[in-house]
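Structure record follows, encoded as structure tokens.
The values are calculated or read from the model by the stated rules, or taken from the named source; none is laboratory data. Keep in mind it's a predicted model, so treat the numbers as computed, not measured. Because the Cβ atoms are built from the backbone with ideal geometry, glycine has one as well, and the counts that use them run over all protein chains shown.
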Amino acid sequence: MSSGKILIIDDEETFLQAYRDKLGSEGYVIETATTAAAALEKLDQPGWDVVLLDQKLQGPAGPDSGVDLVDEIARRAPATRILLVTGYATAKAIARAFDSGVHDYLQKDELFSALLAPKLRTAVEVARALRLASHTSEETEAEIRATWLAVSSETDPHRKGKQLEDLMVLLMKTIPGFRHTTPRRRNELEEIDVLVRNESSDPFWAREGAYILFECKNWSKPVGASELREFATKLERRYGRCRLGIFVAPGGFTEPLKLELLRRSKEEHLILLLGDTELRRWVESRDRGRFLKDLHERAVVETNGH
């Protein structure tokens with residue numbers, strides 16, 4: 001799984017640069033095309049999640065040549081979601097685009113920058129849900145291995161962080177009762193890296209509340225106690241519906257963080273720590289639910305042992 005593979009089809013360099021600046025910091029893999037021919041050639045490559053498609057590719061006075069591409073995009077990349085981007089929206093053009101199968105549209109106006117990220121994130125999630133729903137167990141395992149390899153080798157911090165979140169989503173989907181997982185939820189106070197809806201019928205998990213939260217830190221250095229406190233606050237803000245958090249940090253955890261975790265052992269929330277070793281074992285495990293239970297048990301026993 002990539003960190004979100006996006007094809008941008010637009011003939012305006014100003015907007016292409018705006019896309020790069022905005023979406024690069026979100027961790028997406030971005031490619032661009034300024035003509036229909038170049039776009040169709042790129043679409044023969046696999047793995048696209050979303051196409052951002054300009055309505056007009058031959059200047060403002062030209063035809064709706066972007067809309068003309070919708071059918072061909074859908075044929076070459078059927079799981080891909082299309083966002084039509086327009087500075088010349090008309091009721092007729094938008095109706096035609098939706099009839100052709102676009103997922104949503106964006107206008108090139110003063111709200112463009114604010115709406116781009118949330119609309120794109122939703123489209124990526126829909127594309128991935130469709131793709132994962134059709135996967136065999138072997139294909140899912142292949143995607144997990146590919147994503148783990150990407151996490152291990154990626155050097156761009158934004159992309160690496162998003163790939164780590166994607167890996168958590170994939171791993172949890174292999175455990176019964178945890179298929180409804182969503183990355184990156186933001187509100188006015190905080191950002192949640194991965195939110196998992198707990199629909200497990202297993203009594204072991206049922207008492208952990210309606211949701212499980214993940215915090216992912218792709219740092220090369222160990223994570224400290226202040227980050228643990230911030231994560232614990234996120235758990236506390238969930239109206240009592242979330243008792244379990246999983247803190248993922250391939251770079252490890254400091255001793256002050258571990259002491260802070262022990263200090264919180266009398267609270268109702270439990271935070272599991274996943275460093276590089278635990279993360280690798282979870283990826284390689286044949287029974288990921290059992291692995292998570294063992295991690296849970298070890299955290300409780302070690303805490304009580306102190």
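Applying a threshold of 7 Å to beta carbon distances and a minimum spacing of six or more residues, or different chains, the list of pairs starting in the stretch 157-178 at a residue that is among the hydrophobic types (A, V, I, L, M, F, W, C) and ending at one that is modelled with pLDDT under 90 and outside any helix (DSSP H, G or I) reads Val169/Thr181; Val169/Pro183; Leu170/Met1; Met172/Thr181.
Any residue in the stretch 79-90 that is more than 21 Å from the chain's Cα centre (by Cα), in a helix (DSSP H, G or I) and on the phi < 0 side of the Ramachandran plot? Checked against the condition, which is being more than 21 Å from the chain's Cα centre (by Cα), in a helix (DSSP H, G or I) and on the phi < 0 side of the Ramachandran plot, the stretch 79-90 yields no hits at all.
Considering the stretch 201-306, the qualifying helices (runs of 4 or more DSSP H), each wholly inside and each with 3 or more residues that are assigned by TED's automatic domain parsing to the domain that holds Phe178, of a type in the set (D, E, K, R) and free of Cβ contacts under 8 Å to residues at least 60 places away in the same chain, run over 225-236, 255-263, 276-284, 288-305. Answer yes or no as to whether Leu132 is under 19 Å from Arg185 (Cβ atoms) and surrounded by fewer than 20 Cβ atoms within 10 Å (Cβ to Cβ). The answer is yes for Leu132. Consider the stretch 218-269 and keep the residues that are of a type in the set (Phe, Trp, Tyr) and more than 22 Å from the chain's Cα centre (by Cα). The one that is nearest to Thr181 (Cα to Cα) is Tyr239. Do any residues in the stretch 68-80 that are small (Gly, Ala, Ser) and surrounded by 16 or more Cβ atoms within 10 Å (Cβ to Cβ) have Cβ atoms under 6 Å from those of residues that are outside any helix (DSSP H, G or I) and modelled with pLDDT of 90 or more, where the two are at least six apart or on different chains, and which pairs are they? These pairs meet every condition: Ala77/Trp48. Could you tell me whether any residue of the stretch 50-71 is part of a loop (DSSP other than H, G, I, E, B) and either at pLDDT 85 or above or within 21 Å of the chain's Cα centre (by Cα) (or both)? No. The residues of the stretch 137-167 that are among the basic types (Lys, Arg) and buried (at least 21 other Cβ atoms within 10 Å of the Cβ), listed by number, are Arg159, Lys160, Lys162.
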